[in-house]
Every structure is written in C-alpha cells, then in structure tokens.
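S.K.: Before we start, here is the structure in question, set down as structure tokens.
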Amino acid sequence: MDAAGLGLIETMRVREGRILLFERHLARLTRSLGALGLPSPSRDVAELVQPFLEMGSAVLRIEVSQGQASVTVREVPSPATPDVITASEPHVAYPHKTTARDCFADAAREADIAEADDALLLTHEGWVAEGTVWSLCWWEREGLRTPALDLGILPGIGRARVLELVQGEEVRAQRAQLEGKSLFLVNAVRGVVPIESLDGARVPVDPRTAEVARRFWPAG
C-alpha cells in the first residue's frame, strides 16, 4: 500500500476515567506520522478522546488518515488466558501501527479455524515475531526474553512498559526454543496475560508473570 493511503492506529485502554499510557500512545503516533510523511490530524487527539473518559472502562481505537482522526469504542476484552497457535501466515515487517494489517488478519482467521483464541506469527526465516494484536515475552532461567525489534515487529507500548519493569533481553528465537517456556502476551489494552497453551501444549506458569501483571498499570 502506498504510504499516502495508509492510516495509523492507536488502541488505548480507558480505566477508572483515564486513558492509561496515553502520552506514550501520542508519542508513538507522532513518530510514525513523521517517519511515514503523513499529515498530522487537524484536531487535537487529546481533545478528541476527552468525552470518552466518562465511560469509566472501555477500549478506544483512534485512526488517523489523511489528516483526519476518528474514534471507535468497544468493550474491554475478556481477561481469560488464551489458547494460541503458530500461524502458517508469515510475519511481514510492521514497525508502525498502520492499517496495512493483512498478515495479522490472515493469522487471526487461522486461529478461528483452529478454534484457538489467537495466533503467533513467525518471520519468513522462522524467527518468533509477534501475535496478531500483542507482543510476546517468555521466561528463561536467566530472566525475561522478547523478540528483537530489528525483526520488524511493532514497538508495542505494553512491550516497552514490561521492559521498564523487568530487565530483559531482546533475542532472535526459533519456534522450537519456546517449548517448555512460560509465555505471556502483553499489549496496552489487556496488560500482561499468561498464555494458556501454544499449539495444544500447556504452557507452564511462572510466578514472575503475575508480579509483572500486578505492576503493569501505572498508578494514579
């Protein structure tokens, strides 16, 4: 897709009448607009979302396209731990959160057909990349691991927050290296959520995940 036809997306969590991690969303949006040479929205995004804070708890999806910003609202998703499959659909580099999301939509359809909750994408070379709407983290004995940004994954707001809380290492890992590891997903809507199973195999629980989840949302 030509850059001129792209839209940018930010999906934000409203909780207790405020948008969590809001300044980080705005900063990423501004960086991507500049990097892609797209026009800034004519209306201030902070002003645009203000009326929705009265909802108390919701998910806001802001889309900026051709200098216009729009907001759609949906309910907060279930906190249930997901069953995840490895998608056959290969990951396509996604350094900016744009509307060009075909590989993620195709992977999500694979998950639906497999009666799973979501899918994990691998690069063409077989490196573990990211999920359809989330970043992946896992625990090694030495500590936290997450796929490296230079694989072309999205610099997720939730991913960055986790790396603030826990010293982690960005790595390149093959799918087989996840076997037997304690895995969790993270994004700025759901926070930290343990993965229940990957390709039908139960994912072991690590108490460090619950501690990161407890600390994830910034206070007041």
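S.K.: Considering every residue within segment 17-37, establish whether at least one is at pLDDT below 90 and exposed (fewer than 15 other Cβ atoms within 10 Å of the Cβ).
M.R.: The answer is yes, given that some residue of segment 17-37 is at pLDDT below 90 and exposed (fewer than 15 other Cβ atoms within 10 Å of the Cβ).
S.K.: Would you point out the residue of segment 94-116, among those that are more than 15 Å from the chain's Cα centre (by Cα) and among the charged types (D, E, K, R), that is surrounded by the fewest Cβ atoms within 10 Å (Cβ to Cβ)?
M.R.: Checked segment 94-116; the qualifying residue surrounded by the fewest Cβ atoms within 10 Å (Cβ to Cβ) is Glu115.
S.K.: How many residues does segment 5-23 hold that are in a helix (DSSP H, G or I) and either in contact with a Lys or Arg (Cβ under 8 Å, 6 or more places away or on another chain) or among the small types (Gly, Ala, Ser) (or both)? Even if it seems obvious, please write down each step before you answer.
M.R.: Of all residues in segment 5-23, those in a helix (DSSP H, G or I) come to 5, 22-23.
This time we only want the ones that are either in contact with a Lys or Arg (Cβ under 8 Å, 6 or more places away or on another chain) or among the small types (Gly, Ala, Ser) (or both), so: 5.
Matching residues across segment 5-23 total 1.
S.K.: Which one is farthest from Val133 (Cα to Cα) among residues in segment 6-16 that are aliphatic (A, V, I, L, M) and at pLDDT 95 or above? First the steps, then the outcome.
M.R.: From segment 6-16, those aliphatic (A, V, I, L, M) are 6, 8-9, 12, 14; that's our starting set.
Within this subset, residues satisfying the condition of being at pLDDT 95 or above are 8-9.
Numbers: Leu8: 14, Ile9: 12 Å.
Ranking the qualifying residues of segment 6-16, first place goes to Leu8.
S.K.: Within segment 140-171, can you find the residues that are out of contact with any Gly (no Cβ under 6 Å at 6 or more places or on another chain), in a strand (DSSP E or B) and within 13 Å of Arg208 (Cα to Cα)?
M.R.: Matches in segment 140-171: Glu140, Gly143, Arg145, Gly168.
S.K.: Find the residue count for segment 152-171, including only residues that are surrounded by fewer than 21 Cβ atoms within 10 Å (Cβ to Cβ) and either polar (S, T, N, Q) or at negative phi (or both). It would help to see each step written out before you state the result.
M.R.: Of the residues in segment 152-171, the ones surrounded by fewer than 21 Cβ atoms within 10 Å (Cβ to Cβ) are 152, 155, 160, 163-171.
Now narrow it down to the ones that are either polar (S, T, N, Q) or at negative phi (or both): 155, 160, 163-171.
So the count comes out to 11.
S.K.: Looking only at segment 2-50, count how many residues are of a type in the set (A, V, I, L, M) and on the phi > 0 side of the Ramachandran plot. Write out each step before concluding.
M.R.: Residues of segment 2-50 of a type in the set (A, V, I, L, M): 3-4, 6, 8-9, 12, 14, 19-21, 26-27, 29, 33, 35-36, 38, 45-46, 48-49.
Filter again for on the phi > 0 side of the Ramachandran plot, leaving 21.
Adding up the residues that qualify gives 1.
S.K.: I'd like to check something: does segment 59-77 contain any residue that is surrounded by 14 or more Cβ atoms within 10 Å (Cβ to Cβ), under 20 Å from Leu154 (Cα atoms), in the same structural domain as Ser182 (by TED's automatic domain parsing) and basic (Lys, Arg)?
M.R.: The answer is no, given that none of the residues of segment 59-77 is surrounded by 14 or more Cβ atoms within 10 Å (Cβ to Cβ), under 20 Å from Leu154 (Cα atoms), in the same structural domain as Ser182 (by TED's automatic domain parsing) and basic (Lys, Arg).
S.K.: Also, I was wondering about something else. Check off (1) in contact with a strand residue (DSSP E or B) (Cβ under 7 Å, 6 or more places away or on another chain); (2) over 17 Å from Pro82 (Cβ atoms) for Gly156 and give me the number that stays unchecked.
M.R.: With respect to (1) in contact with a strand residue (DSSP E or B) (Cβ under 7 Å, 6 or more places away or on another chain); (2) over 17 Å from Pro82 (Cβ atoms), Gly156 is out only on (2).
S.K.: Okay, next question. Tell me, please, whether a residue that is closer than 23 Å to Val162 by Cβ, touching a Cys at 6+ places or on another chain (Cβ under 9 Å) and not β-branched (Val, Ile, Thr) can be found in segment 132-141.
M.R.: no
S.K.: While we're on this one: What's the number of the only condition in (1) more than 15 Å from the chain's Cα centre (by Cα); (2) not assigned by TED's automatic domain parsing to the domain that holds Ser197 that Ser88 fails to meet?
M.R.: (2)
S.K.: Which residues, taken from segment 117-139, are buried (at least 24 other Cβ atoms within 10 Å of the Cβ) and in a loop (DSSP other than H, G, I, E, B)?
M.R.: If the condition is that a residue be buried (at least 24 other Cβ atoms within 10 Å of the Cβ) and in a loop (DSSP other than H, G, I, E, B), then Trp134 is the only one that fits.
The values are calculated or read from the model by the stated rules, or taken from the named source; none is laboratory data. No experiment lies behind these values; they were computed from the predicted model shown. Ideal geometry is used to build each Cβ from the backbone, glycine not excepted, and the neighbour counts take in all protein chains shown.
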